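The values are calculated or read from the model by the stated rules, or taken from the named source; none is laboratory data. What you see is a predicted model, and the numbers here were worked out from it, not measured in a lab. When we count neighbours, we look across all protein chains shown, and the Cβ atoms used for this are built from the backbone with ideal geometry, even at glycine. Surface areas here come from the heavy atoms of the whole protein model, side chains and all, with no ligands, DNA or RNA. Shrake-Rupley method; radii C 1.70, N 1.55, O 1.52, S 1.80 Å.
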Amino acid sequence: MSRFLSMRNAFTRDVPRLEEGSTVRLLGWIASKRVHRDKAFLSLRDRYGYIQLVVSKARSPEAFDTVSRLNLESAVYVEGTVKRDERAPRGAEVHVDRVEVIAPSDVWPITKDVAKSPEAMFDMRHLTIRGPKSRAVMAIRDGVVRAAFQYFTENHFVFITAPTFITAAVEGGATLFKLKYFDREAYLTQSSQFYEEAAICVFERVFVIQPSFRAEKSRTRKHLTEFLHIEAEAAFMEHDDIMDVEEELVKYIISFLSENYEEEIKVVRGAPLPVYDDRFPRITYDEAIDILNSKGVEISWGDDFGADEERVLSMEFETPFFVTGFPVSTRSFYHMNDPSRPEVTLSSDLMAPEGYGEITSGGQRIHEYEALRRKIIEFGLNPEDYGWYLDLRRFGMPPHSGFGLGVERLLRWLLNLPHVRDATLFPRTPSRLYP
Ligand code: 4AD
Ligand code: MG
């Protein structure tokens, strides 16, 4: 075992309980420091969060001397004795007997002035992610992915991955990132949906959790150019069935987070997550247009919702809700038209309440060859660009449905974050490609 592995206590999933009088050995970073006469009060950050250290000259002159000289964010090894204190983080403080510097830090550049400017904070994101709030957001984000994996596995969905380099648009040409692929042109994927559709003929139910890319110039609080996309697709499921899956998944994620991330949720949000016992309301696109018109929003039947419309509409709700039956003009070509009303599609968006808006889009796909070919042409697209996707419809493609959920959108809503960029480690937006 390496020197470091033998230095630390064993890794555990849960925060280890610190028993009065026991000896602890910690590896971590100095997150804050206050020296008062011959005592130093430090906060050490390790994988579990924060812990208070007291270093006194009387108890250990050497340790006191070392920490007095150390800059914030130095990495250290600490040995000490636990003193229970229920008010302290983790219910204890550690009275330090020995400190060893593993990696010293330069003067920490995140000053109060830097912290006042969100842009400056994102310019230094490689360092500012160490702060308590971004730490909590990232821990909860891990929880979202963990919960989704667990939900899908319990419901017999199989995890697959899809390529990032692709040759044709899923969600319209306007937001495609073009790139050189040796001597050809390729694009970055907007959605793994088409590959999932191929894979449902193997596993019936599949899901992916991987980045999608959008050359989205709109500077809103909800658009990234790269986001983490949870997508699922299921054979033998109709539109209503997939809405049930979306609703169950979102409720599952919320309870999982409430059970496992109470502390982190408190740090970011100040209050527990909402509990939704009732079924999410389902309104039609037509009803949504009526609500918007009654609120003075000028929108006509057939227009897609923009950020403003979603904000106004979702202000009318206190729980997530579905909007169903989007017009053909607002949805990609692959959507199945409603047989009882061909001008609308069998599609829906799950909207978060209180101004947040869309977090998922889903629906039933066209599974018949001729119907899909006709719609591709109707949309002014070239069937040859969708060769293999169309081909699937010649070889036993059953009715099927699916959806996509944006992880940063979900987190922004659940944690009341100002912007989706706060929900990802290294955000990519039209103006941000660094760090
Ligand atoms: O609504 P979208 O574009 O739908 C699709 O991509 C479908 N092919 C998904 C499917 O059925 N498999 O994207 C799905 C979700 C949105 O509801 C939103 O949560 C998120 O992905 N999303 C974005 N998140 C952040 N920034 C962006 N630019 C996003 N675009 C979509
Ligand atoms: Mg959408």
Practice task
Could you tell me whether the stretch 68-79 includes any residue that is open to solvent by 20 Å² or more (accessible area, probe 1.4 Å), at negative phi, part of a strand (DSSP E or B) and among the charged types (D, E, K, R)?
Solution key: yes
Practice task
Collect the residues in the stretch 15-60 that are over 23 Å from Gly131 (Cβ atoms) and either open to solvent by 80 Å² or more (accessible area, probe 1.4 Å) or of a type in the set (Lys, Arg) (or both), keeping them in residue-number order.
Solution key: Arg17, Glu19, Glu20, Thr23, Arg25, His36, Arg37, Asp38, Lys39, Lys57, Ala58, Arg59
Practice task
Please list, ordered by first then second residue, the pairs with beta carbon atoms under 6 Å, 6 or more apart or interchain, first in the stretch 13-38 and farther than 14 Å from Val55 by Cβ, second in a loop (DSSP other than H, G, I, E, B).
Solution key: Val15/Tyr48; Arg25/Asn9; Leu27/Arg8; Trp29/Glu73
Exercise for the section: Output the strands (runs of 3 or more DSSP E) that fall wholly within the stretch 138-226 and possess 3 or more residues being out of contact with any His (no Cβ under 7 Å at 6 or more places or on another chain) and open to solvent by 40 Å² or more (accessible area, probe 1.4 Å), or say none. Expected result: 178-181, 184-188
Handout entry: Any pair with Cβ under 8 angstrom, 6 or more apart, that starts in the stretch 353-370 at a residue that is within 30 Å of Leu273 (Cβ to Cβ) and ends at one that is more than 7 Å from ligand 1 (Cβ to nearest atom) and at pLDDT below 95
Key = Gly357/Ala307
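Determine, yes or no, whether Thr319 is within 14 Å of ligand 1 (Cβ to nearest atom) and either open to solvent by 40 Å² or more (accessible area, probe 1.4 Å) or of a type in the set (Val, Ile, Thr) (or both). Spell out the reasoning first.
Details: within 14 Å of ligand 1 (Cβ to nearest atom): no; either open to solvent by 40 Å² or more (accessible area, probe 1.4 Å) or of a type in the set (Val, Ile, Thr) (or both): yes.
Criteria not met by Thr319.
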Problem - Residue in the stretch 322-344 that is over 22 Å from Ser191 (Cβ atoms), among the hydrophobic types (A, V, I, L, M, F, W, C) and within 26 Å of the chain's Cα centre (by Cα) present - result: no
Problem - Enumerated helices (runs of 4 or more DSSP H) restricted to the stretch 337-419, each holding at least 2 residues that are at pLDDT 95 or above and within 18 Å of Leu228 (Cα to Cα) - result: 407-414
Practice task
Please give the number of the condition Asn382 fails out of (1) exposed (fewer than 14 other Cβ atoms within 10 Å of the Cβ); (2) within 16 Å of ligand 2 (Cβ to nearest atom).
Solution key: (2)
Fill in the blank from the handout: Contact list, first residue from the stretch 325-347 and open to solvent by 40 Å² or more (accessible area, probe 1.4 Å), second anywhere and assigned to a loop (DSSP other than H, G, I, E, B), beta-carbon distance below 7 Å, six or more apart or interchain, is Ser329/Gly302
Practice task
State whether one or more residues within the stretch 361-379 are open to solvent by 30 Å² or more (accessible area, probe 1.4 Å) and within 16 Å of ligand 2 (Cβ to nearest atom).
Solution key: yes
Practice task
Could you figure out which of (1) away from ligand 2 (no atom under 16 Å from the Cβ); (2) under 30 Å from Gly355 (Cα atoms); (3) of a type in the set (S, T, N, Q) isn't true of Ser401?
Solution key: (1)
Handout entry: Any chance Phe333 is touching a Lys or Arg at 6+ places or on another chain (Cβ under 7 Å) and not charged (D, E, K, R)
Key = yes
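Among what's in the stretch 227-275 and is in a loop (DSSP other than H, G, I, E, B) and of a type outside the set (Gly, Ala, Ser), pick the residue that is nearest to Gln150 (Cα to Cα).
Step one: of the stretch 227-275, the residues in a loop (DSSP other than H, G, I, E, B) are 236-238, 261, 270-275.
Next, only the ones that are of a type outside the set (Gly, Ala, Ser) stay: 236-238, 261, 272-275.
Working: Phe236: 22, Met237: 20, Glu238: 23, Tyr261: 16, Pro272: 22, Leu273: 20, Pro274: 21, Val275: 20 Å.
Restricting to residues being in a loop (DSSP other than H, G, I, E, B) and of a type outside the set (Gly, Ala, Ser), the top hit is Tyr261.
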Practice task
Tell me which of these Thr319 doesn't satisfy, since it passes every other one: (1) under 21 Å from Glu216 (Cβ atoms); (2) among the hydroxyl-bearing types (Ser, Thr, Tyr); (3) in contact with a Phe, Trp or Tyr (Cβ under 6 Å, 6 or more places away or on another chain).
Solution key: (1)
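Take the conditions touching a strand residue (DSSP E or B) at 6+ places or on another chain (Cβ under 7 Å) and of a type in the set (Phe, Trp, Tyr) and apply them to Tyr276. Does it pass?
Against the criterion (touching a strand residue (DSSP E or B) at 6+ places or on another chain (Cβ under 7 Å) and of a type in the set (Phe, Trp, Tyr)), Tyr276 does not qualify.
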Practice task
Identify the residue in the stretch 410-420 that is within 11 Å of ligand 1 (Cβ to nearest atom) and buried (at least 22 other Cβ atoms within 10 Å of the Cβ) and, among all such residues, is farthest from the chain's Cα centre (by Cα).
Solution key: Trp413
